[in-house]
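Each reported figure results from applying straightforward, stated rules to the coordinates on display, with no laboratory input. All figures in this text were calculated on a predicted structure; none of them were measured in a lab. Cβ placement follows ideal geometry from the backbone for every residue including glycine, while neighbour counts extend to all protein chains displayed.
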């Protein structure tokens, strides 16, 4: 089934009215790209867990009207995954946004490190955030996830260290330190706490990796160094791979039952 997007505010108003009118980008996608016709069924996501089941009532150039038949609400997972990804050059960060959305990452924090090549002026940050949001929305519609990740403005590495807000499990991908598999760090946490972590942050460096000083700063904050294998991966590949492994750890726990959930026994 085709999927469209509306904002949470638009969805709330539409539920009250019993119908939803989309214009602009979404209407173009529905009418000109998907070529939806009267009577066709379509789902509309708001990116905050609500999904409308609708039928097309009317279409026109730049406009589509939908009849709301039902609404479903999908709660957030008990666990939270944040990706602290160093900004990458070219369109590599766009791919990180896209794939992290598809995988179900909850928050993406672009980080400016010592070796970050890309420099974004404050004026350009708003435009970047909007571009990333649109990429995330497109990924949501493609894969069907009910939740969009929160995408934060780019922040300096030193500022993150200074304003440290600890997650239950902090993981840093490194090339030089003694490392363990992500699975190993999850296992150690479960042994110590009797449950999986409620929150995980994955740190991925830029092209050229974190500097030794940055690695040391993160290790002093309690970050656990992990490896993704013997090969040197691109930054965006490492981010996607690590996120997928963490999510698999949580999905494996879900299959075992609630006794190993973040809430414990």
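The angle between the Cα long axis of helix 122-143 and the main principal axis of the chain comes to about 70°, on a 0 to 90 degree scale. Ranked for footprinting exposure by Cβ neighbours inside 10 Å, fewest first, 221, 141 give 221, 141.
Starting from the Cα gyration tensor of segment 44-124, take the square roots of the eigenvalues, sort them a ≥ b ≥ c, and report rounded, prolate or oblate (rounded when a/c is under 1.5, otherwise prolate if a/b is larger than b/c, else oblate). It is oblate, given that a/c is not under 1.5 and a/b is not larger than b/c.
With a/c under 1.5 counting as rounded, go ahead and sort segment 80-260 into rounded, prolate or oblate using the C-alpha gyration tensor (a ≥ b ≥ c being the square roots of the eigenvalues; past the cut-off, prolate if a/b is larger than b/c, else oblate). It comes out oblate by the Cα gyration axes. Footprinting exposure proxy ranking of 50, 76, fewest other C-beta atoms within 10 angstrom first, gives 76, 50.
When the Gaussian network model of the chain links Cα atoms closer than 10 Å, the mean-square fluctuations of 233, 83, 169 top out at 233. Computed over the chain with a Gaussian network model linking Cα atoms closer than 10 Å, the most mobile of 31, 196, 246 is 31. Expressed as an acute angle from 0 to 90° and rounded to the nearest 10, what is the orientation of the C-alpha long axis of helix 92-103 relative to the principal long axis of the chain? For 92-103 against the chain, the angle is about 70 degrees. Fewest-first ordering of 65, 41, 26 by other beta carbons within 10 Å of each residue's beta carbon gives 41, 65, 26.
Across 32, 94, 46, mean-square fluctuation computed from a Gaussian network of the chain (C-alpha pairs under 10 Å connected) peaks at 32.
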